[in-house]
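In what follows, a single structure is set out as structure tokens and then discussed.
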Protein chains: 2
Amino acid sequence: MAPPTAIDIEGVTDTQAIVLPNPLTINGVSARRTKAGKLVAGTAAFTSSDHFKSQTSGKPNAKRWDRKSVTQTPPSIHADHPHADYLTIESKARQPSSLKGAAQYLRNPGLISLGGGLPCAENFPIEELAIKVPSPPHFSEQETKVSGTVLTAGKYDVAEGRSAYDLSIALNYGLGTGSAQMIRFVTEHTEIVCDPPYADWHCALTVGSTSALDQTYRIFCERGDYVLSEEYTFASAVETALPLGIKFAGVKMDDQGLIAESMDEILSNWNVQERGARKPRVLYTVPSGQNPTGATQSTERRKAIYKVAQKHDIYILEDEPYYFLQMQPYTGPNAAPVPPPENNEAFLKALIPTYLSMDVDGRVMRMDSFSKVIAPGTRVGWITASAQIVERFVRHNECSNQNPSGISQLVLYKMLDESWGHSGYLQWLISLRLEYTRRRDAILAACEKFLPKEIVSWNPPAAGMFLWLKIAHHLHPSYATTPLLDLEEKIFLAAVERGVLISRGSWFTAERDGFVPQDMFFRATFAAATEEKMTEAIERFGKAIRESFGLVDGKVRNGNGA
Amino acid sequence: MAPPTAIDIEGVTDTQAIVLPNPLTINGVSARRTKAGKLVAGTAAFTSSDHFKSQTSGKPNAKRWDRKSVTQTPPSIHADHPHADYLTIESKARQPSSLKGAAQYLRNPGLISLGGGLPCAENFPIEELAIKVPSPPHFSEQETKVSGTVLTAGKYDVAEGRSAYDLSIALNYGLGTGSAQMIRFVTEHTEIVCDPPYADWHCALTVGSTSALDQTYRIFCERGDYVLSEEYTFASAVETALPLGIKFAGVKMDDQGLIAESMDEILSNWNVQERGARKPRVLYTVPSGQNPTGATQSTERRKAIYKVAQKHDIYILEDEPYYFLQMQPYTGPNAAPVPPPENNEAFLKALIPTYLSMDVDGRVMRMDSFSKVIAPGTRVGWITASAQIVERFVRHNECSNQNPSGISQLVLYKMLDESWGHSGYLQWLISLRLEYTRRRDAILAACEKFLPKEIVSWNPPAAGMFLWLKIAHHLHPSYATTPLLDLEEKIFLAAVERGVLISRGSWFTAERDGFVPQDMFFRATFAAATEEKMTEAIERFGKAIRESFGLVDGKVRNGNGA
């Protein structure tokens, strides 16, 4: 359990730092890399996105989120926050390791380090690692059997000139940023996709966005604070916050998700006395394929929300696990499908712009994850934010999970960087787009066929894994006599009885204390089951609904409403 | 970023639960497994050490650490703690996920789940993973080239009857305990090595002990609390605590590490007013090969410390990354080495008993890690503690890192469980013991040869990676005129000047506020450099010391002291 500090390194080398001109395009990557020269980054080498980004001349630096002149007194719970210090006591107390300062001496030629407790690579009992992966664009399991590529990593590939990353590095300690090899890939990818409009943006690897969220709350939120989010939201985001004493304030939603005007209203009318808490400083939002509603914010909606964030000086946590699960436009049950993107450029253009891409202030932390686009078991994601915030985040990494599994990082590097490259990765994402389009179309076809439309309604999701089914609960025979949550449970159990498990909408309410929902929803995922099983499940759900609502021949028998 | 709850599973199966008699021996494992039948644990299957432990009839359950009758009011900073609630407000607020309750329905035959957002395995682009590992007992890199074993994991090995673990499971979400496959291995290993004397002990995987420590502070320590530890301690343990508002109180040490009487004295005389904090409830200790001092607590010392912990009702965090780096007895520069352990049983007997093995109360959390015995880049370790504490820890996992990388878990499982087995793993640990013995003997030989004994003294370490060099700083020409820390820096820089980096003792002080060390130390590691480089480095350090102290012909020239 030695600290993974640079001093802990035998023969450490910093990642080679070369700043290159021109904003990055997919095709520009290889030219740029050639110009930059070989990536030289040994065991626990220091790295930063600055080593791999375009020159940012002309772009301003991000806004800072501390108020340096103020000493670290606990914030008053009743204080409002114009010009306030946004960083928590905890986050500001994080110092670089005392051993870190000595890292500078590791550059002395001929110096021998007895400084740090890094084990010697010869004692790592994994001599070689190989993975079989698809060869773009032949991504299916069937194709991979025939044409897959086997990628092999040895222990000393770097020393032996075979690769820029190997087991001797990946199996040892790393720094809190993640490896230089993966930071290069995600920095380039982020520049290609988002090209943030301020200069000092950085990436750092995470062990997944839930962990990143826990760490980010601890950067921005004191006990007693509120965070804004969609009124229905990712349950773990709330459950990660609550033990820290952080509550959620839910913003109204429509078919495009969070409503900017509702957010403005909440913030403009925030009553410190009534809420017992200062005005929120953080918005947590899932802009694309939101969990649980499946809603996707349009470009205009994002701009409007960003403007409200500027007005009230709100920091935005852009949680985007489903960003690349944006699907082809839905054309209805019998219409011809929209042809897939012709190439990577067309694919990128078809994506709704990210908050990060419009973040002129540096008020966004974007959370990316490989969980939904490669595999959750990698436990690798990354954040992108201003250097100040990423530095706080990395200080926290050093005193918690340190960095993602080196084995995971090596597997991802071999596949994404060394084999596929950015172009192959985007091709993979296109294939995933089409796969999720098929899955969504299948569940929607089943819904059209099997659900009683007078009771169940939905919007075709444009992204993600979830379909949000609204139930006209006022038509239920027991509507007048049964509280909404009890009725929701009744329908849930009727569905289970019929052999289908579907998530209750109330599980996703942002406000947990005394919140009384007015509407009833169920969440269905189209990510997991096969098309046949999904169809069967929706048919069962339809039957359960009909039975529960007493529908005969498609008509409500004992309804109280319309 | 779907919540990794059991409800998120298509066709989930609980880990098969079979309770077996007889305490576990190395050879008993395979018989027991045969009796238990095939391990059946699919994607994100629920698991618990209870599935894999011996029957514990006759053993008492662990002490509980909450006081259930008390409502969750913030603890007074000045309160003492007899019969107090040891769990923090944060930890007590952790609830099982709202989606979890529905997991029960997944057992209904024929049920189709549209409940959770787990991606489908066919969309994981890694079709096969293979590693080349040593075949016990031929562990060296050279031998592995000739006789190494290639272990292969496919995507659907479980369904196809080839293994109990595969890529379709490892690459998907898992539960907060870690996979059943790895929980089985570490539970058996822990029972073989520690056999805890209470009934309800559990294991849970961690992403490393630093992260486990961060989570454990958040179970037991409120802002303002003190933690006890050795007066010199693992710097990251302190740096993880400080931002949480937790300070360290350093206990005096001797050549066996932490002194029980000093701990008793601190606790008996704890002055709440003076310290501005309630009496400590937690001891953080590294019993074997302590970082930075290299000290190893004897069995008697451990018993004495445990008794003091009982007296003052202290919870013990037993951080043991170096436990299996206990070395052969040191026989001096020219004596014959002690013959290695004859077999696994003799090896286990040669190990000093763990705190966990003497923990009749359930007041110990043992932290194990694969970082020092396999590789840090796995980012896998585990904790063992009472069911109550492990449950709190797992609740936290669910809202932070979730569980270690599935790829790491699969690699470890393939090697440790499926290929080596417990017997092979213990053989590996013996080979590591001999390797570290060689390394320690090499650095000690160099010290004997090159360091001026009138200035530098040390105890031969019995475990770990570190040699703690005490400097007779009162013999330094500038002793009278230079504060100790300045003198330490001067010597440090003189060593750097001579081409050797060695860690300053003051970097490891437990008490950071206004602590004035009375002694001067440097820490050298023998884990990282080759024997030749280590020897060269110690020679350089010797020269730097001689120069700095003005030694001529081995005599102090301008010394102030003895």
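The values are calculated or read from the model by the stated rules, or taken from the named source; none is laboratory data. Here the structure is a predicted model, which is why all the values come from computation and not from measurement. Positions of Cβ are generated from backbone atoms using ideal geometry, with glycine treated the same way; all protein chains shown enter the neighbour counts. Calculation scope for accessible area: heavy atoms of the full protein, side chains included, ligands and nucleic acids excluded. Shrake-Rupley method; radii C 1.70, N 1.55, O 1.52, S 1.80 Å.
For peptide A:373-386, compute the average count of partner chain beta-carbon atoms within 10 Å of each residue's beta-carbon.
6
When only DSSP loop residues count, what GluC sites (Glu not before Pro) in the range B:288-351 have their Cβ near at most 13 other Cβ atoms within 10 Å?
B:GLU342
Restricting to DSSP H runs of at least four residues, report the calculated mean residue ellipticity at 222 nm for the protein assembly as shown, -39500 (n - 2.57) per run over all residues, nearest 500 deg cm²/dmol.
-9000 deg cm²/dmol
Classify the protein assembly as shown as rounded, prolate or oblate, taking a ≥ b ≥ c as the square roots of the eigenvalues of its Cα gyration tensor: rounded when a/c is under 1.5, otherwise prolate if a/b is larger than b/c and oblate if not.
Prolate is the answer for the protein assembly as shown, as a/c is 1.5 or above and a/b outweighs b/c.
Measure nothing but the geometry: give the 0 to 90° angle between the long axis through the Cα atoms of A:387-398 and the longest principal axis through the Cα atoms of chain A, rounded to 10°.
Taking Cα atoms only, the helix is inclined about 80 degrees.
Taking each residue of B:519-527 in turn, how many C-beta atoms of other protein chains fall within 10 Å of its C-beta, and what is the average?
Per residue, the number of nearby Cβ atoms from other chains is 4 on average.
So what's the angle, to the nearest 10 degrees on a 0 to 90 scale, between helix A:209-220 and the longest Cα principal axis of chain A?
Around 80 degrees separate the two axes.
Amide H neighbours of B:THR206 under 5 Å, counting only residues 5+ apart in sequence or on other chains, H built in-plane at 1.01 Å?
B:GLY381, B:TRP382, B:ILE383
Specify whether the C-alpha gyration tensor of the range B:259-341 places it in the rounded, prolate or oblate class, a ≥ b ≥ c being the square roots of the eigenvalues: rounded for a/c under 1.5, otherwise prolate if a/b is larger than b/c and oblate if not.
prolate
In sequence order, what are the phi-derived ³J(HN,Hα) couplings for the range A:100-117 according to the Karplus relation 6.51 cos²θ - 1.76 cosθ + 1.60 with θ = phi - 60°, rounded to whole Hz, with x for glycine and proline?
5, x, 6, 4, 4, 6, 5, 7, 4, x, x, 5, 9, 9, 10, x, x, x
State, to one decimal in nm and shortest first, how far the label point of B:GLU141 sits from each corresponding label point in the other identical copies (label point: 7 angstrom along Cα-to-Cβ).
When each copy's label point is compared with this one, the spacings are 3.8 nm.
Rounded to the nearest 0.05, what FRET efficiency do B:VAL516 and A:ARG67 give with R0 = 22 Å and r taken as the Cβ-Cβ distance? Could you check?
After rounding, the FRET efficiency stands at 0.10.
May I ask you to report, in nm to one decimal and beginning with the shortest, the distances from A:LYS449 to the same position in the other copies, taking label points 7 Å along Cα-to-Cβ?
Spelled out, the distances from A:LYS449's label point are 8.1 nm.
Could you give the Stokes-Einstein D for chain A in µm² per second, using the C-alpha Kirkwood radius, 10 °C, 1.306 mPa s?
62
Classify the range B:451-556 from the C-alpha gyration tensor, please: rounded if a/c falls under 1.5, else prolate or oblate depending on whether a/b exceeds b/c.
Oblate, since a/c reaches 1.5 and b/c is not below a/b.
List the relative contact order of chain B as a percent without decimals, with contacts defined as Cα pairs under 8 Å and 6+ residues apart.
16
Label-point separation (nm) for A:GLU141 and A:LYS311, each offset 7 Å from Cα along Cα-to-Cβ?
Here the modelled spin labels are 5.1 nm apart.
Interface size between chain A and chain B, please: total buried accessible area, 1.4 Å probe, rounded to the nearest 100 Å².
Looking at A and B, the buried total is near 9500 Å².
For a 18 Å ceiling on Cα separation, which of these pairs sit above it: B:LYS145/B:LYS533; B:LYS372/B:LYS533; B:LYS490/B:LYS543?
Correct reply: B:LYS145/B:LYS533; B:LYS372/B:LYS533.
Tell me which trypsin sites (Lys or Arg not before Pro) from the range A:418-465 have a DSSP coil assignment and no more than 15 other beta carbons within 10 Å of their own.
Those satisfying the criteria are A:LYS453.
Between B:CYS120 and A:VAL272, how many nm apart are label points set 7 Å from Cα along the C-beta direction?
Result for the modelled spin labels: 5.3 nm.
Find every distance from the label point of A:ARG64 to the corresponding label point in the other copies (7 Å from Cα along Cα→Cβ) and write them in nm, one decimal, shortest first.
5.1
What residue of chain A has the nearest C-beta to the axis that moves A onto B, and what is that distance in Å, given as a whole number?
A:SER405, 2
What FRET efficiency would be calculated for the residue pair A:VAL338, A:GLU261, taking the C-beta separation as r and a Förster radius of 22 Å, to the nearest 0.05?
So, using R0 = 22 Å, E works out to roughly 0.10.
Between A:ALA199 and residues 5 or more places away or on another chain, which pairs have amide H atoms under 5 Å apart, with H built 1.01 Å from N, and which residues are they?
A:ASN61, A:ALA62
Find how many whole Å separate the alpha carbon centroid of the range A:312-377 from the alpha carbon centroid of the range A:216-272.
A separation of 22 Å, based on Cα centres.
Which lysines have a Cα less than 26 Å from the Cα of A:LYS279, not counting those fewer than 8 places away in the same chain?
A:LYS63, A:LYS68, A:LYS92, A:LYS247, A:LYS252, A:LYS303, A:LYS307, A:LYS311
Nearest 10 degrees, 0 to 90: what angle lies between the long axis of helix A:299-311 and the longest principal axis of chain A (Cα atoms)?
So the inclination is approximately 70 degrees.
Return the sequence-ordered ³J(HN,Hα) values of the range B:493-498 in whole Hz as given by the Karplus equation 6.51 cos²θ - 1.76 cosθ + 1.60 applied to θ = phi - 60°, using x for Gly and Pro.
5, 5, 5, 4, 4, 7
Output the antiparallel fraction of DSSP beta bridges having both residues in the protein assembly as shown, as a percent to the nearest 5.
65
Using each residue's phi in the range A:161-170, evaluate 6.51 cos²θ - 1.76 cosθ + 1.60 at θ = phi - 60° and report the 3J(HN,Hα) Karplus result to the nearest Hz, with x for Gly and Pro.
After applying 6.51 cos²θ - 1.76 cosθ + 1.60, I find x, 8, 7, 8, 8, 8, 5, 4, 7, 5 Hz.
Be a star and scan the range A:111-144 for residues whose amide nitrogen sits under 17 Å from the point 7 Å along the Cα-to-Cβ vector of B:GLU497.
A:111-112
Taking H as built 1.01 Å from N, whose amide H comes closer than 5 Å to the amide H of B:ALA249, not counting residues under 5 places away?
B:VAL227, B:LEU228, B:SER229
Would you work out the charge dipole size for the range A:219-322 about its Cα centre, treating the Cβ of every Lys and Arg as +1 and the Cβ of every Asp and Glu as -1, and quote it to the nearest 20 debye?
The calculated dipole for the range A:219-322 is roughly 320 debye.
For the range A:451-556, give the percent of accessible area contributed by carbon and sulfur heavy atoms, probe 1.4 Å, rounded to a whole number.
Carbon and sulfur together cover 48 percent of it.
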